[in-house]
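Participant: Below is one structure. I have some questions about it.
Readers should treat all values here as calculations from the given coordinates under stated rules, not as data from a laboratory. Here the structure is a predicted model, which means the values were calculated and not measured. All Cβ positions, even for glycine, are placed from backbone atoms using ideal geometry, and neighbour counts span all protein chains on display.
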Amino acid sequence: MQIMVLPYLVLTLVVGLGQLGLRAMRAGSRGAGVLIAVSCALGLLVVGVMPIAFPALESASFFSHALLEPRKPFALAELYVPAKPVPRAGKTPSCPRSCCSVPRSASR
């Protein structure tokens, strides 16, 4: 909002509420109270129904055998560097026969 509009809105609300009669004020506050009560009841209903939406969780143990077992050593090299960097290095010929200029019968 622009800086000049905000004071106008606040002043208009204050003057409008000040011009209300006693009956109109009671009706307005009653409506606001009902709205707040319905919103709170709806929120409590949602919070109460939420556990039904999820499956039962059977996990409340504070002891685990995994806590007693020693941890494996953490090695970044084994994690990021593979055992064979080029997996097919030994299986492929360095020079395929089709690129050689020497005929096959002459090479024997």
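Participant: Does the range 1-81 classify as rounded, prolate or oblate by the C-alpha gyration tensor (a ≥ b ≥ c root eigenvalues; a/c under 1.5 gives rounded; else a/b over b/c gives prolate, otherwise oblate)?
Facilitator: It is oblate, given that a/c is not under 1.5 and a/b is not larger than b/c.
Participant: On full extension of the chain, what length is gained from T12 through M25, given 0.36 nm per residue of separation minus the C-alpha to C-alpha distance?
Facilitator: Gain on stretching T12 to M25: 3.1 nm.
Participant: As an exercise, use a Förster radius of 35 Å and the Cβ-Cβ distance of F74 and F54 to find the FRET efficiency, rounded to the nearest 0.05.
Facilitator: In this case the efficiency is close to 0.50.
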